[in-house]
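The values are calculated or read from the model by the stated rules, or taken from the named source; none is laboratory data. Quick caveat, the model's predicted, so the values are computed rather than measured. Cβ: placed from backbone, ideal geometry, glycine included. Neighbour counts: every protein chain shown.
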Amino acid sequence: MSDDGRAGEGWSAPDGDGIRSLRLSDPKRASLKGKRLRRADPAPAGLGLDTWPADERQLLAEWVRRAGDKPTRHSTLMASAGAARSMLADRLLQRLLREGAVEIEESHERGHWWPRQVRFIAPAALRAGLGLAEPDAARQAYLDARSRPLGHPALARAAETLDALPPARGLPRLELLLALDTWNTEQRSGTWRDFALFARGHTKQISEAEKTWLADEAGLADFRISTHTPLLRLRAPSLIRLPGGEIALGALPDFAALTPATVAAISGARQPPRVWHVVENLSSFERVARACAADEGALWLPGYPPSWWQQAVATLLQHLPAPARIACDPDPDGIAIALQAGSLWSAAGLPWEPWRMGPAELLGLPTRRPLDARDRQLLASLHAGTPLPPELAALADALLQLSGKGEQEGYL
């Protein structure tokens, strides 16, 4: 088939349907056989595929999904359409021919012209008009995603198993591994819905098959994704009223663990704490909860605040309002986590301040870890946003000066 101009040498004038012909055999030779190409000038305004009947669009999509610049046998297209759609296939091919979207090579036998090969003149434009991805787009997207490093060894091993899958199937799972790696790097925790929202922007966008695969490959307990009911850990001198009675939190020797449903059911409370100590790391929280004064409270902050924690704490502050002292790791994520947690107190009209998050705590650690590229990028983002509280601003400067970060278990 030829890409020569339609008005070039050898092409006939357009017939009543606007179709030109080019003889591929010598028309002067006395023969009952011959070949020709037929094609029309493309419509200036395009095909307007969105107005075509659904059955034509569907069959065309099947044809061009993997079509290249080389011709396809007419019999192959008809076979793919099937006997039930043979008339539709004939009608569609004639429409595509009149619209200048294909050229058809025909052979003259037994007194008739028979279609033999069909070439889509601009298959990429057809795919774009139908909303189809390019044939190699999924593979390229997979390779691009695969080039991103995975810091956790279990996730790197899981990614290797995806290389044998078709790219369109492997890419969504690889993107889940990448999201889980970021989740782990940022020390997030939460339920499946929290992770689904983080990974795909919706709480119900991870299928059961994907959950099973991810759980088998990664071991989700190591990544702080809970398949069970999460618990709000707290210490307080308070009494909370529930439909079935009261719970005296102050009577407990150390701390309590309440489900989100329990917190949501609170109808009233007495004796709020003088202050809430909000502590990120669980081991540090337990020490603070056991050591705080009788009129003080403590709350465990599980890393970046998951949605269930935010909802539970917002409800708790309605019944037991008190200022907050928020303690997180002396690192860039700790600053970001403290700001997110503090926003709950600000939304409730309550003051909050960083606690044990100054340069002195960072300098006093026996060991520190070096800042990585992500840490520096996060610090730049924090500096560019709303002005930080003075203690956190001083910590951010110290992190950059030392080029190191730490964990609060070393001093709290």
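Some points to look at:
- In region 353-366, the condition of being in contact (Cβ under 8 Å) with a residue 40 or more places away in the chain, touching a Ser or Thr at 6+ places or on another chain (Cβ under 7 Å) and assigned to a helix (DSSP H, G or I) is met by no residue.
- Residue in region 46-68 that is modelled with the lowest pLDDT, counting only those that are in contact with a strand residue (DSSP E or B) (Cβ under 9 Å, 6 or more places away or on another chain) and assigned to a helix (DSSP H, G or I): VAL64
- Matching residues in region 222-242 - criterion: being outside any strand (DSSP E or B) and at pLDDT below 95: ASP222, PHE223, ARG224, THR227, HIS228, THR229, PRO230, LEU231
- Test: LEU220 is surrounded by fewer than 18 Cβ atoms within 10 Å (Cβ to Cβ) and within 30 Å of ARG169 (Cα to Cα): yes
- The residues of region 118-129 that are surrounded by 17 or more Cβ atoms within 10 Å (Cβ to Cβ) and out of contact with any strand residue (DSSP E or B) (no Cβ under 8 Å at 6 or more places or on another chain), listed by number, are PRO123, ARG127, GLY129.
- The set of residues in region 371-383 being at pLDDT below 90 and small (Gly, Ala, Ser) consists of ALA373 alone.
- Among the residues making up region 393-412, a single one is buried (at least 19 other Cβ atoms within 10 Å of the Cβ), more than 31 Å from the chain's Cα centre (by Cα) and not in a helix (DSSP H, G or I): LEU412.
- Region 143-170 residues that are without any contact (Cβ under 8 Å) to a residue 60 or more places away in the chain, paired with ones that are of a type in the set (Asp, Glu) and surrounded by fewer than 13 Cβ atoms within 10 Å (Cβ to Cβ) (beta carbon under 8 Å, 6 or more apart): ARG146/ASP163; GLY170/ASP163
- Filtered by the rule that a residue be touching a Phe, Trp or Tyr at 6+ places or on another chain (Cβ under 9 Å) and surrounded by fewer than 19 Cβ atoms within 10 Å (Cβ to Cβ), region 361-383 gives GLY364, LEU365.
- Residue identified as closer than 30 Å to ALA312 by Cα, in contact with an Asp or Glu (Cβ under 8 Å, 6 or more places away or on another chain) and at pLDDT 95 or above among PRO359, PRO351, PRO389: PRO389
- Yes/no for GLU103 being crowded, with 20+ Cβ neighbours inside 10 Å and closer than 22 Å to ARG66 by Cβ: yes
- Test set (1) assigned to a loop (DSSP other than H, G, I, E, B); (2) at pLDDT below 90; (3) over 39 Å from the mean Cα position of the chain (by Cα) - HIS108 fails condition number: (1)
- Residue list for region 289-305, filter: of a type in the set (A, V, I, L, M) and either closer than 19 Å to ILE335 by Cβ or crowded, with 23+ Cβ neighbours inside 10 Å (or both): ALA289, ALA298, LEU299, LEU301
- HIS383 vs. criteria in the same structural domain as SER267 (by TED's automatic domain parsing) and within 27 Å of PRO230 (Cα to Cα): no
- Which numbered condition ASP329 fails, given (1) more than 30 Å from GLN271 (Cβ to Cβ); (2) out of contact with any strand residue (DSSP E or B) (no Cβ under 9 Å at 6 or more places or on another chain): (2)
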